[in-house]
Amino acid sequence: MLLLWLPAGLVAASLLVPVIYLFVRAASGSAGLAGVVLRPENLGVLANSLALAVAAAACSAAIALPLAWLTVRTDLPLRRMWTVLTALPLVIPSYIGAYLMVSTIGPRGLLQGWLEPLGVERLPSIYGFPGALAVLTFLSYPYTLLSVRASLLGMDPALEEASRSLGWSAWQTFWKVTFPQMRPGLAAGSLLVALYALRDFGAVAIMRYNSFTRVIYVQYQSLIDRSAAAGLALVLVAVTVGMIWLERRTQRAHRMYSSGSFKRPPAILPLGPWTLPATLFCAFVVLVSLVIPGANLVYWLVRGLAAGEQIGAHWDETFNSLAVSAGAAVMIVIAALPISVLSVRQPGRLSGLMERAAYIGFALPGVVIALSLVFFGANYAPAIYQTIPLLIFAYLVLFMPQATGAVQASLSQVHPNLEEAGRSLGRSPLDVFRRVTLPIVRPGLLSGAAIVFLTAMKELPATLILSPIGFGTLATSVWGAVNGVFFARAAVPALLLIVVSSLPMAILVLRRDL
Amino acid sequence: MKAFRWLIFFTLLFALTACSPGSDEPVVLYSGRSESLVAPIIEQFTEETGIQVEVRYGGTAEMAATILEEGANSPADLFWAQDPGGLGAVAAEGLFADLPAGLLDRVPANFRSPEGTWIGISGRARVVVYNTDMVSPGELPDDIQGFTDPAWSGRLGWAPTNGSFQVMVTAMRQFWGEDATRTWLEGILANDVVVYDNNTAIVAAVGAGEVEAGFVNHYYLYRFLAEQGESFPARNDFLPSGGPGSLVMVAGAGLLGSSDNQENALAFLDFLLGATAQTFFAEETFEYPVIAGVALPPELPALNALTSPEIDLADLDDLAGTIELLQSTGALP
């Protein structure tokens with residue numbers, strides 16, 4: 001296990017780079033620092049952010065749990081297609097999702113335009129909390145979905161069979177045996193959704209929801225007092241630490257382990273008369289989160305082309321996006337392994353601290369992470385500044401908990417006895433790791449890699465600031481075009497983003513890996 | 001795990017190719033202006049002079065913050081900002097080099113930094129964009145103060161986080177004084193003004209009829225007309241009476257003191273202030289040229305000379321006061 005502590009420690013230490021930067025910035029602070037950070041109004045907006053985070057986590061779970069169950073444990077027709085489609089909304093940037101939602105079902109959007117002949121002058125306002133909640137839920141539920149799926153796939157059917165044979169009904173079996181095994185995946189995914197909602201800039205701005213990030217945004221945009229902006233970001237870090245602590249406290253201590261025959265595929269339940277409602281449910285989720293935004297993008301494209309706008313091919317950006325996202329997915333999952341394994345197999349203060357360090361980067365806005373790496377890169381490591389390795393490191397800081405959460409959830413399903421048995425039979429720790437631990441965490445590794453890949457595809461602020469000059473991705477193309485009011489030109493990379501991201505997902509699903 | 005090996009191979013290959021150094025002495029430009037808008041004129045510079053320009057595109061505030069964090073180690077030669085706030089922040093840290101007098105003299109005094117650290121490249125006017133189906137031109141007041149009238153209740157939109165808006169409020173504070181500006185802000189807030197994230201969102205909303213009028217920069221409308229055709233039901237009102245409500249401000253650029261390619265960078269600035277580039281701004285991006293003698297396209301009305309008060313728009317201390325005022329009136333969180 002010593003072999004794991006060193007890399008784990010290194011990775012965890014590097015994840016603290018942005019926090020160090022924030023302290024340095026805040027410390028250089030002016031008299032105004034305390035005044036900005038300790039404003040009484042900040043409490044109100046902080047409460048707004050927390051309310052949104054909790055609500056988004058709850059609503060995402062409500063969508064993700066049935067979807068995970070339906071696609072893994074039932075005989076739902078076209079399961080693999082639904083698996084790919086329901087995971088894809090993760091690739092849509094939140095500001096684009098919010099923009100498209102306003103454009104489609106806003107008070108004077110496309111839908112209202114179609115209904116105008118029927119006398120509908122204005123649709124009810126979607127702005128504020130409902131709109132922000134809807135956008136964040138439908139775009140981030142895949143975090144929970146993919147984590148719970150990994151848990152379900154790693155479950156041992158023998159436990160349920162034993163429970164049924166001992167006399168419990170199907171319902172009791174679900175609540176007492178199945179659901180507790182889904183809990184780690186559910187908790188990991190829900191925490192990601194909550195933190196994502198906490199640090200989102202784009203959707204809350206468009207939906208006019210006064211969240212804490214708006215306060216940070218105003219400070220960063222004004223460029224007047226960078227120490228105040230850093231101070232506010234540190235408040236966000238503190239809130240994140242609080243949320244993680246709370247989440248850990250609600251985790252029950254008992255674990256459900258398989259008895260060793262975990263290679264059997266999960267038991268499939270026939271849906272019977274429930275097939276149609278289940279299919280409609282999946283279709284509804286995909287319609288709202290994927291089809292409607294996609295259709296709106298096609299509308300932009302057609303409208304622009306009809307007015308004579310020029311659009312370009314985006315082969316360079318497509319290749320760049322795919323390469324850097326796939327590369328990041330692989331490296332982040334590898335980097336996440338030591339920390340995750342240690343936190344599950346050797347739980348304690350140190351491993352727990354390292355695991356929690358991973359979440360801090362995720363809760364900070366991308367621009368903060370990017371500026372921290374600019375500070376360190378330009379001044380202390382110019383050789384790697386504005387190169388791909390530094391960009392991937394930025395992604396590591398941003399997306400690490402997505403990988404660690406998934407791996408932990410997988411690993412916690414299997415009893416440590418298996419690895420101990422391996423050791424007692426004479427294998428070296430490395431051998432045991434390679435031949436026992438790694439195969440166990442495979443579902444978690446792959447779902448973690450999938451999540452990191454999808455979120456890296458849409459990442460914007462760190463890419464704009466840290467990528468080599470001239471290195472464009474599909475996400476930066478979309479942003480640049482929307483910024484200059486070239487909607488048709490934005491539609492092409494946006495549609496490509498969705499379609500191209502589905503390919504690796506489809507491959508993994510078709511190979512029955514995911 | 002064969003797929004893994006291929007993935008790692010491609011990643012490494014890719015990383016190596018992306019790490020390779022660039023060609024000889026290109027000008028490195030950090031641009032807060034959108035690629036779709038300015039890439040053509042940058043390419044034209046390269047065609048005419050043979051000097052390569054490498055551009056990092058981003059938001060003005062993000063690019064300025066990046067330069068501030070990089071400090072003296074910045075790889076950038078030039079910073080081209082969308083609004084003066086970003087330029088002021090970089091100038092305040094002393095990171096800009098002084099521009100040659102010959103360059104500075106080509107634009108009017110209020111379109112450049114009084115200390116000679118940055119220069120305006122193209123002009124934008126504050127206007128009121130209004131929905132032509134819902135608002136008749138006769139209804140529109142001559143001055144921006146007129147919008148505090150209760151008749152405009154529930155019909156207005158603004159973007160208080162936008163840099164240009166904040167510069168306009170700074171100009172109001174300098175022109176009208178603190179109290180009158182506070183009165184105006186409170187009056188607009190009392191009219192239940194709708195808050196948008198940026199100018200684009202306001203023009204889109206006005207066109208859709210979500211609000212009836214909004215305070216924006218003039219050139220956004222023309223992009224919407226190009227995307228959606230002349231039937232897009234919105235037009236600009238340039239507020240004939242002048243004053244800070246129709247402020248003309250500039251998108252400008254500065255040369256970084258840490259640049260080791262100053263000659264080529266200055267050549268680029270020189271090109272941007274020449275007739276070719278200024279005509280490009282007038283005809284393609286619908287912005288106002290900053291040099292004399294460039295013909296305006298028919299869509300752009302000539303600017304009233306009175307509408308550009310002589311104030312240093314990039315004065316950061318002043319911007320801090322604006323943010324404070326906006327927060328205390330509740331316009332900003």
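What follows draws every value from the coordinates through simple rules; no lab data is involved. All figures in this text were calculated on a predicted structure; none of them were measured in a lab. All Cβ positions, glycine included, derive from the backbone under ideal geometry; neighbour counts span all protein chains shown.
Hey, what angle do you get for helix B:60-70 against the long axis of chain B, alpha-carbon based, 0 to 90 degrees rounded to 10?
Once rounded, the angle reads 40 degrees.
For region A:181-232, with equal point scatterers placed on the C-alpha atoms only and solvent neglected, what are the log10 I(q)/I(0) values from the Debye formula at q = 0.13, 0.26, 0.27 1/Å, to two decimals?
Debye curve over Cα of region A:181-232, log10 I(q)/I(0) at q = 0.13, 0.26, 0.27 Å⁻¹: -0.44, -0.94, -0.97.
By the scheme Lys and Arg +1, Asp and Glu -1, what is the net charge of all other residues having a beta-carbon under 10 Å from that of A:VAL485?
Net local charge, A:VAL485 excluded: +1.
Work through the residues other than A:GLU116 whose Cβ is under 13 Å from its Cβ and net out their charges, Lys, Arg +1 and Asp, Glu -1.
With Lys, Arg at +1 and Asp, Glu at -1, the neighbours total 0.
If you find the alpha carbon centre of region A:188-206 and of region A:333-375, how far apart are they in angstrom?
For region A:188-206 versus region A:333-375, the Cα centre distance is 18 Å.
Along Cα→Cβ, 7 Å out, is where each label goes; now give me the distance between the ones at B:THR132 and A:ALA238 in nm to one decimal.
Result: 5.4 nm between the two label points.
Using the charge dipole of chain A (Lys, Arg: +1 at Cβ; Asp, Glu: -1 at Cβ; taken about the Cα centre), state which of A:PRO40, A:ALA481, A:GLY470 has its Cα farthest towards the positive end.
Farthest along the dipole direction, towards plus: A:PRO40.
Decide, for region A:453-503, between rounded, prolate and oblate: order the square roots of the alpha carbon gyration tensor eigenvalues as a ≥ b ≥ c, take rounded if a/c falls under 1.5, and otherwise choose prolate if a/b is larger than b/c, else oblate. Working shown, then result.
Numbers: a/c = 2.09, a/b = 1.02, b/c = 2.04.
In terms of gyration-tensor shape, oblate.
Determine by what factor the alpha-carbon radius of gyration of chain B differs from 2.2 N^0.38 Å, reporting the quotient.
On the way: Rg = 21.4 Å, N = 333, 2.2 N^0.38 = 20.0 Å.
Ratio of Cα Rg to 2.2 N^0.38 Å: 1.07.
Give me the base-10 log of I(q)/I(0) for region A:157-302 at each q in 0.15, 0.18, 0.21 Å⁻¹, Debye formula, one uniform scatterer per Cα, rounded to two decimals.
Normalising to I(0) and taking log10 leaves -1.04, -1.15, -1.28.
Tell me, what HN-Hα J-couplings in whole Hz come from the Karplus equation 6.51 cos²θ - 1.76 cosθ + 1.60 at θ = phi - 60° for each residue of region A:305-320, using x for Gly and Pro?
Listing the rounded values in order: 4, 5, 8, x, 6, 8, 10, x, 7, 10, 5, 4, 5, 4, 4, 4 Hz.
Modelling each spin label as a point 7 Å along the Cα-to-Cβ direction, I'd like the A:PHE284/B:ALA190 distance in nm, to one decimal.
Distance between the two pseudo-spin positions: 4.7 nm.
Among A:PHE174, B:PHE111, what is the fewest-to-most ranking by other Cβ atoms within 10 Å?
A:PHE174, B:PHE111
Return the FRET efficiency for the residue pair A:LEU78, A:SER14: r is the Cβ-Cβ distance, R0 is 51 Å, and the value is rounded to the nearest 0.05.
0.75
Going by how many other Cβ atoms sit within 10 Å of their own, how do B:TRP118, A:TRP5, A:TRP69 line up, fewest first?
Numbers: B:TRP118 27, A:TRP5 16, A:TRP69 19.
Ascending number of Cβ neighbours within 10 Å: A:TRP5, A:TRP69, B:TRP118.
With each pseudo-label sitting 7 Å past Cα toward Cβ, what's the A:ARG345-B:ARG5 distance in nm, one decimal?
With each label placed 7 Å out from Cα toward Cβ, I get 2.5 nm.
Starting from 0.36 nm per residue, how many nanometres of slack lie between A:TRP315 and A:ILE334 once their C-alpha separation is accounted for?
Numbers: separation 19, 0.36 × 19 = 6.84 nm, distance 2.86 nm.
Taking A:TRP315 through A:ILE334 to full extension adds about 4.0 nm, to one decimal.
Quote to one decimal, in nm, the extra length available between A:ARG434 and A:TRP171 on full extension: 0.36 nm per residue of separation minus the C-alpha distance between them. Kindly include the intermediate steps, with their values, before the conclusion.
Values: separation 263, 0.36 × 263 = 94.68 nm, distance 3.77 nm.
Working it through step by step, the gained length comes to 90.9 nm.
Which of A:MET155, A:MET81, A:MET400 has the fewest other C-beta atoms within 10 Å, and how do the rest follow up to the most? Can you show the working numbers first?
Values: A:MET155 25, A:MET81 15, A:MET400 29.
So the residues, fewest neighbours to most, are A:MET81, A:MET155, A:MET400.
So how strong a dipole does the protein assembly as shown carry about its Cα centre when Lys and Arg Cβ are +1 and Asp and Glu Cβ are -1, to the nearest 20 debye?
On the way: 47 positive and 63 negative charges, 1124 e Å.
Value, rounded to 20: 5400 debye.
About the Cα centre, and with charges only on the beta carbon of Lys, Arg (+1) and Asp, Glu (-1), how big is the dipole of chain B? Nearest 20 debye, please. List each step's numbers first, then the result.
Values: 13 positive and 44 negative charges, 136 e Å.
The calculated dipole for chain B is roughly 660 debye.
Got a sec to turn the phi values of region B:182-197 into Karplus ³J(HN,Hα) couplings, 6.51 cos²θ - 1.76 cosθ + 1.60 with θ = phi - 60°, whole Hz, x for Gly and Pro?
Those phi angles translate into 4, 4, 4, 4, 5, x, 5, 5, 5, 8, 6, 5, 8, 8, 10, 7 Hz.
How many percent of the alpha carbon pairs in region B:173-281 exceed a separation of 25 Å? Walk me through the intermediate numbers first.
Numbers: 2702 of 5886 pairs.
Counting every Cα pair in region B:173-281, those more than 25 Å apart make up 46 percent.
Which one of B:GLY254, A:SER211, B:ALA101 has its Cα pushed farthest toward the positive end of the charge dipole of the protein assembly as shown, where Lys and Arg give +1 and Asp and Glu give -1 at the Cβ?
The listed residue farthest towards the positive side: A:SER211.
Using amide H atoms built in the peptide plane, which far-off residues or other-chain residues are under 5 Å from B:LEU256 H to H?
Residues meeting the criterion, in which the H sits 1.01 Å from N, are B:LEU78, B:PHE79, B:ALA97.
Determine, from the Cβ-Cβ distance of A:TRP5 and A:LEU246 and an R0 of 22 Å, the FRET efficiency 1/(1 + (r/R0)^6), rounded to the nearest 0.05.
Working: r = 27 Å, r/R0 = 1.24.
Step by step, r from the Cβ atoms, then E = 0.20.
Ordered by residue, what ³J(HN,Hα) values in Hz, to whole numbers, does region A:152-163 give under the Karplus form 6.51 cos²θ - 1.76 cosθ + 1.60, where θ = phi - 60° and Gly and Pro are x?
Karplus-based 3J(HN,Hα) across region A:152-163 equals 5, 5, x, 7, 8, x, 4, 5, 5, 4, 4, 4 Hz.
Just checking the output field for B:199-211: average partner chain Cβ neighbours within 10 Å of each residue's Cβ? Don't jump to the answer; show the numbers that get you there.
On the way: counts 1, 6, 4, 0, 1, 7, 4, 1, 1, 9, 6, 9, 2.
So the per-residue partner count for this stretch is 4.
Based on DSSP H runs of at least 4 residues, each adding -39500 (n - 2.57), what is the mean residue ellipticity at 222 nm of chain A after dividing by all its residues, to the nearest 500 deg cm²/dmol?
On the way: 26 runs with 377 residues, N = 514.
About -24000 deg cm²/dmol.
What does the charge count around A:ALA229 come to, taking other residues whose C-beta lies under 13 Å from its C-beta (Lys +1, Arg +1, Asp -1, Glu -1)? All intermediate terms of the calculation are to be shown ahead of the outcome.
On the way: positive: A:ARG25, A:ARG214, A:ARG226; negative: A:ASP225, B:GLU62, B:GLU69.
Cβ neighbours under 13 Å give a net charge of 0.
Hey, what's the Kirkwood Rh for the protein assembly as shown if you take every pair of different alpha carbons, in angstrom? Let's see the in-between values first.
Values: mean 1/r = 0.0354 Å⁻¹.
One over the average 1/r among Cα pairs gives 28.2 Å for the protein assembly as shown.
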